[in-house]
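What follows is one structure encoded as structure tokens, with my remarks underneath.
The values are calculated or read from the model by the stated rules, or taken from the named source; none is laboratory data. Just so we're clear, the structure is a prediction, and the values are computed from it rather than from any experiment. Neighbour counts are summed over all protein chains in view; Cβ atoms, including those assigned to glycine, are modelled from backbone coordinates with ideal geometry. When the accessible area is computed, the model is the full protein with side chains, heavy atoms only, and any ligands, DNA or RNA have been set aside. Shrake-Rupley method; radii C 1.70, N 1.55, O 1.52, S 1.80 Å.
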Amino acid sequence: GAGVSQSPSNKVTEKGKDVELRCDPISGHTALYWYRQSLGQGLEFLIYFQGNSAPDKSGLPSDRFSAERTGGSVSTLTIQRTQQEDSAVYLCASSLGYPYGGEQYFGPGTRLTVT
Amino acid sequence: LAKTTQPISMDSYEGQEVNITCSHNNIATNDYITWYQQFPSQGPRFIIQGYKTKVTNEVASLFIPADRKSSTLSLPRVSLSDTAVYYCLVVSGSNTGKLIFGQGTTLQVKP
């Protein structure tokens, strides 16, 4: 079946502009996660959704970052007034949900470059 | 969540068995041990998860001693395509399931 998909695959934007990143999870997966990976670094957790609610937003680095999920499916991560330090690969993952959080299925990521 | 420590890098040759050990001294009773693999320019891929003793699947084996303070991922007969970064994670059975990734072990398989 189809895996997790993300769009766009690459995004180049100018500093100060807003960007939206999209994630389509695996059908039936109730849990959805956003992570980011800076060049040569490990993955950093951003936010977790269970259904449409986000019980854990502890990883969002600033109030410029927000995310929503509608219909228990598609999720959008929005970064306002982008900064150069926002440049990274943004990864989305989904899973069947608690207590299966250990096995998450990752998408290919969106590479964001802020110039 | 328990902190994990694993070697930064390892080298091996094709056909050899590779064992990557991870320490997690502060693992809690309801925590699981999970390993992921990541190739360049791809998202991580789940390999195996266990709680205690030994778990085996078609890809790898996971050995966990009785005190659960460490674990060993065993990759049998590696090939060049197993060159990747391998992450050891401790996942709580009582939280949201968010994954905390460390730096991982970069495995380089040579011909």
Q) Placing +1 at every Lys and Arg Cβ and -1 at every Asp and Glu Cβ, with all other atoms neutral, what dipole size does chain A have around its Cα centre, in debye to the nearest 20? A) 180
Q.
About the Cα centre, and with charges only on the beta carbon of Lys, Arg (+1) and Asp, Glu (-1), how big is the dipole of chain B? Nearest 20 debye, please.
A. 280
Q. Just from the alpha-carbon atoms, what are the Rg and Dmax of the protein assembly as shown in angstroms?
A. 17.7, 53
Q) Of B:Glu58, A:Glu14, which has the most accessible area and how do the rest follow, probe 1.4 Å? A) B:Glu58, A:Glu14
Q: Round to a whole angstrom and tell me the spacing of the C-alpha centers of the range B:19-52 and the range A:56-115.
A: 21
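Before anything else, pin down the relative contact order of chain A: Cα pairs under 8 Å, at least 6 apart, normalised by residue count, whole percent.
So the answer I get is 37 percent.
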**Q.** Among A:Gly71, A:Leu112, A:Phe45 the positive-end extreme of the charge dipole of the protein assembly as shown (Cβ point charges)
**A.** A:Phe45
Q. Cross-link partners among lysines for A:Lys17, C-alpha distance below 26 Å, same-chain residues fewer than 8 apart left out?
A. A:Lys57
Q: Go through B:Leu73, B:His24, B:Ser61 and say which Cα lies farthest out towards the positive end of the charge dipole of chain B; charges sit on Cβ, +1 for Lys and Arg, -1 for Asp and Glu.
A: B:His24
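Taking the Cα centre of the protein assembly as shown as origin, sum charge times position over the Cβ atoms of Lys and Arg (+1) and Asp and Glu (-1), and report the length of that vector in debye to the nearest 20. Numbers along the way, then the final one.
Numbers: 19 positive and 18 negative charges, 32 e Å.
In debye, rounded to 20, the protein assembly as shown gives about 160.
For Cα pairs less than 8 Å apart in space and 6+ apart in sequence, what is the mean separation divided by the residue count of the range B:9-110, i.e. the relative contact order in percent? Show your work: numbers first, answer last.
Numbers: 235 pairs, mean separation 37.5, N = 102.
That works out to 37 percent.
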Q) Using a cut-off of 23 Å between alpha-carbon atoms, which lysines can reach B:Lys52, once sequence neighbours fewer than 8 places away in the same chain are excluded? A) B:Lys3, B:Lys69, B:Lys98
